[in-house]
1. Just want to confirm a number: the relative contact order over the chain, from Cα pairs under 8 angstrom separated by 6+ residues, in percent.
2. Round to a whole angstrom and tell me the spacing of the C-alpha centers of the stretch 11-57 and the stretch 345-370.
3. For Lys282 and Asp192, FRET efficiency with R0 = 22 Å and r from the beta-carbon atoms, rounded to 0.05?
4. Which of Ile380, Leu109, Tyr250 sits closest to the plus end of the dipole of the chain, meaning its Cα is farthest towards the positive end, when Lys and Arg get +1 and Asp and Glu get -1 on the C-beta?
5. Give Lys342/Lys404; Lys30/Lys266; Lys358/Lys396 a once-over and call out the pairs whose C-alpha atoms are over 19 Å from each other.
6. Calculate the radius of gyration of the Cα atoms of the chain to one decimal place, then report Dmax, the largest Cα-Cα distance, as a whole number, both in Å.
7. Among Val393, Gly369, Ser332, which residue has its Cα furthest toward the positive end of the charge dipole of the stretch 330-407, with +1 on Lys/Arg Cβ and -1 on Asp/Glu Cβ?
8. I need to check one value: relative contact order of the stretch 330-407, counting alpha carbon pairs closer than 8 Å and at least 6 residues apart, in percent.
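Just so it is clear, none of the values below were taken in a lab; they were calculated from the coordinates. Everything numeric here is computed off the predicted structure, so don't read it as measured data. No Cβ is skipped: glycine too gets one built from the backbone with ideal geometry, and neighbour counts run over all protein chains shown.
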Amino acid sequence: MGVFDELRARGLIAQCTDEGKVRELLNGGKPVAFYIGFDPTADSLHVGHFVAIMLLAHLQRAGHIPIALFGGGTGMIGDPSGKTDMRKMLTREDIDHNIACFRRQMSRLVDFENGKAHIVNNADWLCNLNYIEFLRDVGVHFSVNRMLSAECYKQRLERGLSFFELNYMIMQSYDFLVLRRKYGCIMQLGGDDQWSNIIGGVELNRRMDDRESYGMTVKLLLTSDGRKMGKTEGGAVWLDPNKTSPYEFYQYWRNVDDADVINCLKMLTFMPVPQIEEYAQKNGGELNAVKEVLAHEVTKLIHGADEADKAQAAARALFGGGGDAANTPSTSLGGADFTDGKVSILDLLVKTGLAPSKGEARRLVQQGGVRADGAQVTSIDFAFAREQFAEGVLLKKGKKVFHKVTAE
């Protein structure tokens with residue numbers, strides 16, 4: 001099976017500018033240079049980037065040459081796609097730091113050594129453009145009427161689209177032109193929300209250089225009811241272990257809905273499709289074992305086999321299946337956390353990150369959503385004495401979130 005057909009079988013492919021030619025190029029056995037762009041708007045990649053990284057890895061394994069384009073230039077503008085408000089503009093220092101973090105995380109799945117893949121920063125060409133020359137040579141090929149008909153701009157027009165943001169499509173299209181000229185890159189890939197921008201780049205290559213290039217989008221990682229995956233009560237699910245611990249990362253995938261587990265296995269692992277189809281025959285309680293497989297495979301890809309094993313052992317211990325609870329997320333309290341030798345349940349929930357604020361902590365307790373060592377906490381005035389933490393206190397939020405608290 002060629003890699004295009006593999007991606008199709010995994011349900012990854014959404015649209016192609018010329019499906020027949022894209023299939024021929026990707027299945028043809030000759031290396032194809034392609035790129036995917038990442039705007040460095042945070043210091044970590046998150047689950048929303050996961051599909052794009054897997055795409056880089058799948059195609060590299062098939063012999064193609066990935067180019068990871070970091071938007072050091074476009075990141076200073078912000079892509080309006082899927083946004084209702086203008087993004088915060090970042091400094092050059094912020095962007096450079098974020099790019100370094102992205103590269104480190106992506107290197108777990110993509111081999112950047114010896115020219116097997118390239119990392120480029122579009123600030124190298126965008127930040128030194130002559131504005132008048134750029135408008136004359138590149139801007140002339142874009143129709144504002146056509147740009148405003150794109151879905152990504154329609155959403156923003158209702159609240160106000162700045163001229164600053166209007167430039168994003170032109171900049172991204174210019175990226176494709178530069179990468180084709182410099183690296184022989186003939187294909188741009190991206191999420192399905194990037195379709196208009198990708199078409200812009202294909203058209204610009206044809207208009208300026210009379211060269212054919214191609215675009216393909218992949219499906220966004222959505223739940224069965226159409227919501228974007230990768231969000232929790234605490235915010236995004238990050239790939240950085242300091243922002244989302246391996247245990248929390250594992251638990252996110254262990255707790256996906258039954259209807260989503262097979263799709264996640266196809267899109268986010270390298271497990272052979274026939275094996276996944278066997279799992280698809282299971283239902284009801286049998287799916288819990290499949291969710292364990294998904295959680296372990298995905299955590300292994302992002303954090304390594306050791307962390308995946310630890311997270312699985314901790315989860316099994318906490319949920320009664322046997323295992324090592326030593327790897328449960330934990331917090332150690334110091335003297336400053338106690339007042340008259342005690343710490344309140346509300347302060348403890350905030351300290352451990354189980355609640356973002358005292359108001360949310362109060363709501364959790366009042367709704368019966370907090371347990372300490374198995375006993376329900378019924379009062380917002382409840383407090384722990386310091387000596388209770390000698391052996392550690394296991395807090396539980398809701399049905400599935402655990403946190404161990406000790407004291408120094």
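1. Here the relative contact order equals 15 percent.
2. Each part's Cα centre sits 41 Å from the other's.
3. On the way: r = 29 Å, r/R0 = 1.32.
For R0 = 22 Å, the calculated efficiency reads 0.15.
4. It is Ile380, whose Cα lies furthest towards the positive end.
5. From the list (Lys342/Lys404; Lys30/Lys266; Lys358/Lys396), the Cα-Cα distance tops 19 Å for Lys30/Lys266.
6. Using the Cα atoms of the chain, the pair Rg, Dmax is 24.2, 77 Å.
7. Gly369
8. Numbers: 117 pairs, mean separation 28.1, N = 78.
36 percent.
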